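All remarks here apply to the structure that follows.
The values are calculated or read from the model by the stated rules, or taken from the named source; none is laboratory data. Worth saying up front: this structure is predicted, and the values here are computed from it rather than measured. As a convention, Cβ positions derive from the backbone with ideal geometry for all residues, glycine included, and neighbour counts pool all protein chains shown.
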Ligand code: GLC
């Protein structure tokens, strides 16, 4: 099958979050399936363009029409395919290559990614790569299914399009005038793109694509409710017949405690007792906490954003430290009030709390390995990847049972049996603390039970093999319709 995957980020080239990880692993997993030919297209950001390690060549220069605009685009190919995936970049100094700063957050983001979506379709058409299936992701590539249906059937008469929602919070809103000024779609698409007088690109994608997927099964059900849908519940309800959830995997080749070059000691499910003890001691030293093997080390690697459930942790932190013997380690950057809170807390409890307000992938790996308990009380979580990383490294998760956390962390009982971690159902601080205390009690009172739970976490299959097969089944389903 010929597959084209379009996204605004993909590791190792450019990544701001989980989408970037998925766009590294999913294309590779699909390309390992016999008979597939996979193409990945990303924007040619300055950071990629300037990186001499990536040898590229210009395949085709062309012009993209965006409303009244005529913008140069170059389809650039990475000379060596990566893991069987042919990687292309869309070159445009105006929108990507000429800008120094972050991937997102520019005043003209809506226009930048409308351009990207159209440039991908033009690029595929110009090089004569007619995919059976296009898979596109989040609001940044949300214009693809609508353009495909409205303006590109001449080039792709039979191509089917899957639209995957990684996070419904960011929808690609623009003012109403954007429809004529930038999108340049036929007038009959005005209703498709309109939401309360503004343009909403994600809404358009949900309506015009062949299938909608989300990154976990539970999240696909949650999206029916206003609490989770950020205003799109009605649109989702209208698309219910074509909506499915496929829970992400993780890259088990990269996230492997046996080979991870970031770790001071290596281990697997059979040797984790010694291996994790060494990693824990080294981690405590690295972050300036006393090296106490017996004290449980609670860890969190996260963007410091409200929906990650930090308010629950902030509310409980002092109570937790007063009532339990434990250490707490947080890594991440984000909203100033949380950065401030954790800095203050670590100043107040220098021997028990360490806050690393930074972005550091190596330290993140050492935290997955050296921690005992991983906290992820997210208010909502489309899938979440770090709870799976933590489990793969033998760190027991305590999570809010929502979205992908519900799907990947079945609840264990007080003996640590029957599940993979500790969960709480309703989003409140007391329930979170209670779940955490149950986990700490197991750690303290039944070390062997805790070890058994770690073993089970480490031996789960979090690879992309099964999810990739599910994507294939949906691709086939689209092609039959
Ligand atoms: C987004 C979601 C996260 C998910 C990731 C990859 O970042 O917030 O839950 O794991 O996309 O699909």
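Checking each residue in segment 74-106 for being in contact (Cβ under 8 Å) with a residue 24 or more places away in the chain and within 21 Å of residue 180 (Cα to Cα) picks out only 95.
Cβ separations smaller than 9 Å between residues 6+ apart or across chains give the following pairs from segment 366-388 residues that are closer than 28 Å to residue 293 by Cβ to residues that are near the ligand (Cβ under 8 Å from one of its atoms) and in a loop (DSSP other than H, G, I, E, B): 376/384; 387/381; 388/248.
So which residues in segment 110-146 are within 16 Å of the ligand (Cβ to nearest atom) and touching a strand residue (DSSP E or B) at 6+ places or on another chain (Cβ under 6 Å)? The answer is 135, 136, 137, 141. The strands (runs of 3 or more DSSP E) located wholly in segment 147-251 that include 2 or more residues which are free of Cβ contacts under 8 Å to residues at least 40 places away in the same chain and more than 16 Å from the ligand (Cβ to nearest atom) occupy 198-200. Scanning segment 412-430 for residues that are surrounded by 20 or more Cβ atoms within 10 Å (Cβ to Cβ) and either within 21 Å of residue 317 (Cα to Cα) or within 13 Å of the ligand (Cβ to nearest atom) (or both) yields a total of 4.
Examine segment 403-411 for a residue that is more than 16 Å from the ligand (Cβ to nearest atom) and farther than 28 Å from residue 213 by Cβ, and state whether such a residue exists. Within segment 403-411, not a single residue is more than 16 Å from the ligand (Cβ to nearest atom) and farther than 28 Å from residue 213 by Cβ. Every residue in segment 107-146 that is closer than 16 Å to residue 38 by Cβ and free of Cβ contacts under 8 Å to residues at least 40 places away in the same chain, please. None - no residue of segment 107-146 is closer than 16 Å to residue 38 by Cβ and free of Cβ contacts under 8 Å to residues at least 40 places away in the same chain, so the list stays empty. Among residues belonging to segment 1-19 that are surrounded by fewer than 20 Cβ atoms within 10 Å (Cβ to Cβ) and either under 20 Å from residue 77 (Cβ atoms) or within 11 Å of the ligand (Cβ to nearest atom) (or both), point out the one that is modelled with the highest pLDDT. This residue is 2. Residue-level check: of (1) surrounded by fewer than 24 Cβ atoms within 10 Å (Cβ to Cβ); (2) touching a helix residue (DSSP H, G or I) at 6+ places or on another chain (Cβ under 8 Å); (3) touching a residue at least 60 places away in the same chain (Cβ under 8 Å), residue 314 misses just (3).
Please work out which residue is farthest from residue 203 (Cα to Cα), limiting yourself to segment 244-268 and to residues that are in contact with a strand residue (DSSP E or B) (Cβ under 9 Å, 6 or more places away or on another chain) and crowded, with 20+ Cβ neighbours inside 10 Å. Among those residues, the one meeting the criterion is 246. Scanning segment 400-435 for residues that are touching a strand residue (DSSP E or B) at 6+ places or on another chain (Cβ under 8 Å), assigned to a helix (DSSP H, G or I) and over 16 Å from residue 248 (Cα atoms) gives 431, 432, 434, 435.
Remark: residue 41 matches the filter, which requires a residue to be surrounded by 16 or more Cβ atoms within 10 Å (Cβ to Cβ) and either touching a strand residue (DSSP E or B) at 6+ places or on another chain (Cβ under 6 Å) or part of a helix (DSSP H, G or I) (or both). The one condition from (1) surrounded by fewer than 22 Cβ atoms within 10 Å (Cβ to Cβ); (2) touching a helix residue (DSSP H, G or I) at 6+ places or on another chain (Cβ under 8 Å); (3) free of Cβ contacts under 8 Å to residues at least 60 places away in the same chain that residue 52 does not meet is (2).
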